[in-house]
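Data first, discussion second: the structure below is written as structure tokens.
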């Protein structure tokens, strides 16, 4: 029955060999159609049950089928994909029990690193510009609440309206610092919905993110997700290993980065519908951290992205401890399951075990017992067949990967980086003219404008003072002229009075002289007349 349920005339990847009654049944295997990776997959299980090797096996199978793979590498122990595995008695015993014809093989690997060259995982730096990252994902990276997230959206919108490109975290810090400054208070008030206190919280969150190494991720040049979808000369898909380090130390940042890459793929890839194999399969380890303390808006975007991205030829594999770590809306999008063993020793463990059993299709297996007795490298499997129907729940022994099950050697890591065809494109960070520089110039211009205004005001005051002084001087000069004119007028009047008096005296003198002469003549004439009349003296 199991053999028939997992036999199709379609490309498949073998997951493992049937376990029946505790024994392996060589020749009876559980497989997964490559086309069904577009319907997404859940790989779950307790720590130490073999999840990482299952991821490695699936990545190898997908690469061999021509599909590209992106794996989040938490510990660096997936770099062994770049080296062919080494045969050992233990390995051959395992493969023989599974009926697996094992052969060592290395796979095409690209090492990616969050940030710059000083990352603990050497590789091609993966960066994103803050504007491209967007406010919702950045709010997730900053662990902001809903109110603060909405404020960040308004700040982004204002920066866009001002032509302020947000390339790195200093750009965003400069924008927020400006809005909370004296120069930007009117702009902040005009945005609405952003208080100075909220802006302060965002600034402190930026500082915390930078202390986690987030500053290395944000910048230019931004990583082109098209570089995730490549193949080698033999047609094998490229396996990109994204070194994220200890996710638990910065879960918000890593989960936001993963969703950014997915969202970017969704927005740039064309629609392909149901393809024979996916273009890219995205493995997200420690997936429960994606949703820890996430806002409702972030969860909504995750659900929407996971639901729609399958049409772009991208599959997502969530890797976590129990299915209950994943929100039900997301879990409903994961058509296939590979469930490794669970440990149940506390009431909470038993609740999780019961919840896990309920996520599987109906089966005659006592799953609660099976799941707690699975050994390392064993799992319970159900996948979607080529028609989209779930296969019977099947316990299997996972097949062994063909590559090294552990970290690659330092020489191999160095060789992979040296042979990278995209390293030169992303190695060196650049700092383009963006918000920080523009706001610095704006501040300098504002200072210059204030100084110019002060100078103009001082010049105006000086001109006003000079005008007043000139007016006073002119008034004083006018008064002096008027005084001088008055003096001259009085002098002229005195002179005229003197001349008039002199004329009057002269006239009086002439009058007296005339009168004197006339009187003398009259007297003389009178005497002569008297003499002639009265016979007195003749002349």
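No lab work stands behind these numbers, since they all come straight from the coordinates. Since the model is a prediction, treat every value here as computed from it, not as a measurement. Reconstructed Cβ throughout: ideal geometry from the backbone, glycine too, with neighbour counts over all protein chains shown.
Legend: ranking of residues 348, 285 from fewest to most surrounding C-beta atoms inside 10 Å; resulting order 348, 285. Principal-axis analysis of the Cα atoms of the chain puts helix 251-268 at an angle of about 90° to the longest axis.
Kindly put 239, 2 in sequence by how many other C-beta atoms sit within 10 Å of each C-beta, fewest to most.
In increasing order of surrounding Cβ atoms, one gets 2, 239.
Where q = 0.11, 0.12, 0.13, 0.19 Å⁻¹, what log10 of I(q)/I(0) comes from the Debye formula for the range 132-209, counting one point per Cα? Computed log10 I(q)/I(0) values: -0.22, -0.27, -0.32, -0.72.
Using only the alpha-carbon atoms, how far is helix 347-358 inclined from the longest principal axis of the chain? Give it as 0 to 90 degrees, nearest 10. Helix 347-358 sits roughly 80 degrees off the main axis of the chain. Peptides 425-438, 152-165 ordered by packing proxy, namely the average of other Cβ atoms within 10 Å per residue, highest first: 152-165, 425-438. Full extension of the chain segment joining residue 489 with residue 161 gains 110.4 nm, where the gain is 0.36 nm per residue of separation less the Cα-Cα distance.
How do 369, 528 rank when sorted from fewest to most other Cβ atoms within 10 Å of their own Cβ? Present the calculation step by step, with values, prior to reporting the outcome.
On the way: 369 10, 528 14.
Placing the least packed residue first, the sequence is 369, 528.
Highest mean packing first, where packing is the average number of other Cβ atoms within 10 Å per residue, the peptides 414-422, 308-316, 498-506 line up as 308-316, 414-422, 498-506.
Simple spin-label estimate for residue 224 and residue 449 gives 4.0 nm between the two label positions (7 Å along the Cα-to-Cβ direction from each Cα). The angle separating the long axis of helix 51-64 from the principal Cα axis of greatest extent in the chain is about 90 degrees. Packing around the peptides 124-135, 292-303, 258-269, 452-463, taken as the average count of other Cβ atoms within 10 Å per residue, puts them in this order, highest first: 124-135, 258-269, 292-303, 452-463. Taking every DSSP helix (H) stretch of at least 4 residues in the chain, weighting each as -39,500 (n - 2.57) and dividing the sum by the residue count yields a mean residue ellipticity at 222 nm of -16000 deg cm²/dmol.
With both labels modelled 7 Å from their Cα along Cα-to-Cβ, the residue 207 to residue 300 distance reads 3.3 nm. Beta bridges assigned by DSSP with both partners in the chain are antiparallel in approximately 40 percent of cases. Taking Cα Rg over 2.2 N^0.38 Å as calculated from this structure, the corresponding entry among [x] 1.09; [y] 2.09; [z] 1.34 is [y].
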